[in-house]
């Protein structure tokens with residue numbers, strides 16, 4: 001089967017491409033990329049996609065999501081989650097291990113990989129647990145997990161409290177050439193809080209989570225990475241000081257990468273409004289000053305990538321008093337549009353930067369052969385109408401869960417086509 005994508009604005013930072021090109025796909029592989037009308041290979045019987053006026057990206061890669069299977073299929077499963085991912089332009093996703101049972105052994109890893117290959121609508125790369133059962137007591141068998149197919153290790157959703165255990169995890173990750181993805185939270189200071197600590201939490205009568213709950217653990221991970229010489233990845237950073245700490249560490253040569261999420265550069269604690277539990281997450285939404293710092297970190301390269309932290313929750317887990325509501329929001333189907341509206345449209349970054357942040361960089365951090373439109377690469381491609389406005393309607397989400405704070409928001413940018421290994425999804 002052949003596909004020819006004609007006349008699109010092709011953006012491929014890995015190959016320094018940013019201009020009008022045609023792309024020929026044959027049997028799920030990119031065969032040729034050439035200036036419009038200059039494809040040399042035979043295009044007879046090729047299915048044509050007219051991409052004029054559209055941006056053509058390498059398939060988006062999400063380095064941090066929750067598919068909930070096994071164990072929590074009432075919230076999401078591999079099929080519904082990858083359908084939702086594809087609708088948002090993601091062709092590859094890395095799923096966190098806080099399932100039931102936890103992804104801490106070979107059998108669970110292979111179950112997820114095999115299920116995704118048979119029934120998934122995106123490439124799925126499991127992330128294994130740092131500790132057995134995510135209990136923070138004993139390291140998982142990291143070598144076994146790597147051999148089974150995990151691309152990183154994390155106890156995301158829970159911090160690794162023991163500094164000794166984290167040091168060992170970092171050292172082992174270096175041995176097996178995979179990355180530790182750290183959920184940075186000091187539980188002693190966080191104290192089961194609900195929202196960012198400050199004037200807003202006081203006014204709302206909610207328990208606050210101080211910014212240092214994140215920043216103290218970010219500092220620890222940077223120190224351990226520098227001490228061991230092993231790279232580390234910091235998940236979902238949300239505060240001004242976290243950005244500054246990572247910026248300074250990079251200047252010293254620390255091998256750190258980090259991510260933020262769309263909600264941390266587009267929303268503030270005030271978006272919780274009148275106790276909107278769909279705006280409750282961990283880390284919590286912060287202040288406008290923090291949002292500005294996150295944007296500055298994206299602009300200057302301190303923040304390496306954007307991840308969704310897609311965290312579906314059942315409506316019954318959100319439709320409760322704020323203090324009892326589960327953390328997390330769904331993110332696959334809004335991430336790209338939020339980034340275009342709040343980063344690209346104001347001129348903070350351009351579309352090439354966005355392709356790097358949402359495709360090339362996460363693929364590189366995970367060590368997967370994705371995030372590029374190179375000849376010979378899998379034909380994982382996202383085609384975007386970056387000028388189209390869309391009003392978010394959670395009732396139309398493909399995800400099983402609808403817990404999004406963006407319901408009713410007017411965003412900009414819409415996925416027109418997602419191509420996965422040559423299979424076309426039209427939106």
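Remark: pairs (first residue in the stretch 346-359, under 23 Å from residue 94 (Cα atoms); second residue outside any helix (DSSP H, G or I) and modelled with pLDDT under 95; Cβ separation under 7 Å; 6+ apart in sequence or on different chains) are absent. Within the stretch 187-202, the set of residues being at pLDDT below 95 and touching a helix residue (DSSP H, G or I) at 6+ places or on another chain (Cβ under 6 Å) is empty.
Six or more apart or on different chains, Cβ atoms under 7 Å: show the pairs whose first residue is in the stretch 404-423 and at positive phi and surrounded by 19 or more Cβ atoms within 10 Å (Cβ to Cβ) and whose second is in a loop (DSSP other than H, G, I, E, B) and at pLDDT 95 or above. Cβ pairs passing all conditions: 422/27; 422/28; 422/379. Taking the condition surrounded by 16 or more Cβ atoms within 10 Å (Cβ to Cβ), at negative phi and touching a residue at least 12 places away in the same chain (Cβ under 8 Å), does residue 134 pass? Criteria not met by residue 134. Every condition in (1) surrounded by 20 or more Cβ atoms within 10 Å (Cβ to Cβ); (2) in contact (Cβ under 8 Å) with a residue 40 or more places away in the chain holds for residue 22 except the one numbered (2).
Residue 247 passes every criterion in (1) assigned to a helix (DSSP H, G or I); (2) without any contact (Cβ under 8 Å) to a residue 40 or more places away in the chain apart from (2).
Only one entry in 391, 375, 415 is over 18 Å from the mean Cα position of the chain (by Cα) and closer than 21 Å to residue 263 by Cβ, namely 391. A residue that is out of contact with any helix residue (DSSP H, G or I) (no Cβ under 7 Å at 6 or more places or on another chain), in a helix (DSSP H, G or I) and either free of Cβ contacts under 8 Å to residues at least 12 places away in the same chain or crowded, with 21+ Cβ neighbours inside 10 Å (or both) cannot be found anywhere in the stretch 137-156. What about residue 170, is it touching a strand residue (DSSP E or B) at 6+ places or on another chain (Cβ under 8 Å), free of Cβ contacts under 8 Å to residues at least 40 places away in the same chain, surrounded by 15 or more Cβ atoms within 10 Å (Cβ to Cβ) and more than 21 Å from residue 212 (Cα to Cα)? Considered against the rule, which asks whether it is touching a strand residue (DSSP E or B) at 6+ places or on another chain (Cβ under 8 Å), free of Cβ contacts under 8 Å to residues at least 40 places away in the same chain, surrounded by 15 or more Cβ atoms within 10 Å (Cβ to Cβ) and more than 21 Å from residue 212 (Cα to Cα), residue 170 comes out as no. Checked against (1) outside any strand (DSSP E or B); (2) at pLDDT 95 or above, residue 37 passes all but condition (2).
Among residues belonging to the stretch 221-237 that are without any contact (Cβ under 8 Å) to a residue 60 or more places away in the chain and not in a helix (DSSP H, G or I), point out the one that is nearest to the chain's Cα centre (by Cα). Filtering the stretch 221-237 for residues that are without any contact (Cβ under 8 Å) to a residue 60 or more places away in the chain and not in a helix (DSSP H, G or I), the one nearest to the chain's Cα centre (by Cα) comes out as 234. Among the residues of the stretch 313-332, none qualifies, meaning not one is within 26 Å of residue 52 (Cβ to Cβ) and touching a helix residue (DSSP H, G or I) at 6+ places or on another chain (Cβ under 7 Å). Checked against (1) farther than 15 Å from residue 11 by Cα; (2) in a strand (DSSP E or B), residue 329 passes all but a single condition, namely (2).
Of the residues contained in the stretch 307-330, one or more are found to be surrounded by fewer than 24 Cβ atoms within 10 Å (Cβ to Cβ), touching a residue at least 60 places away in the same chain (Cβ under 8 Å), within 17 Å of the chain's Cα centre (by Cα) and closer than 20 Å to residue 87 by Cβ. Among residues of the stretch 250-274 that are without any contact (Cβ under 8 Å) to a residue 60 or more places away in the chain, those with a Cβ under 6 angstrom from a residue that is surrounded by fewer than 17 Cβ atoms within 10 Å (Cβ to Cβ), sequence gap 6+ or separate chain, pair up as 254/226; 268/288.
Each row is one residue, and each column tells you yes or no for (1) out of contact with any helix residue (DSSP H, G or I) (no Cβ under 7 Å at 6 or more places or on another chain); (2) assigned to a strand (DSSP E or B); (3) under 19 Å from residue 51 (Cα atoms); (4) at pLDDT below 95.
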position: 352; (1), (2), (3), (4): no, no, yes, no
position: 355; (1), (2), (3), (4): no, no, yes, no
position: 361; (1), (2), (3), (4): yes, no, no, no
position: 370; (1), (2), (3), (4): no, no, no, no
position: 383; (1), (2), (3), (4): yes, yes, yes, no
position: 386; (1), (2), (3), (4): no, yes, yes, no
position: 398; (1), (2), (3), (4): no, no, no, no
position: 402; (1), (2), (3), (4): no, no, no, no
position: 411; (1), (2), (3), (4): no, yes, no, no
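Is it true that some residue in the stretch 259-268 is touching a strand residue (DSSP E or B) at 6+ places or on another chain (Cβ under 6 Å) and in a strand (DSSP E or B)? Yes; the residues of the stretch 259-268 include at least one that is touching a strand residue (DSSP E or B) at 6+ places or on another chain (Cβ under 6 Å) and in a strand (DSSP E or B). When residue 287 is tested against (1) under 12 Å from residue 238 (Cβ atoms); (2) within 19 Å of the chain's Cα centre (by Cα), just one condition goes unmet, and that condition is (2). Would you be able to say whether some residue in the stretch 2-15 is in a loop (DSSP other than H, G, I, E, B) and either within 26 Å of the chain's Cα centre (by Cα) or surrounded by fewer than 22 Cβ atoms within 10 Å (Cβ to Cβ) (or both)? The answer is no, given that none of the residues of the stretch 2-15 is in a loop (DSSP other than H, G, I, E, B) and either within 26 Å of the chain's Cα centre (by Cα) or surrounded by fewer than 22 Cβ atoms within 10 Å (Cβ to Cβ) (or both).
The values are calculated or read from the model by the stated rules, or taken from the named source; none is laboratory data. Predicted model only: the values in this text are computed from it and were never measured. Neighbour counts are summed over all protein chains in view; Cβ atoms, including those assigned to glycine, are modelled from backbone coordinates with ideal geometry.
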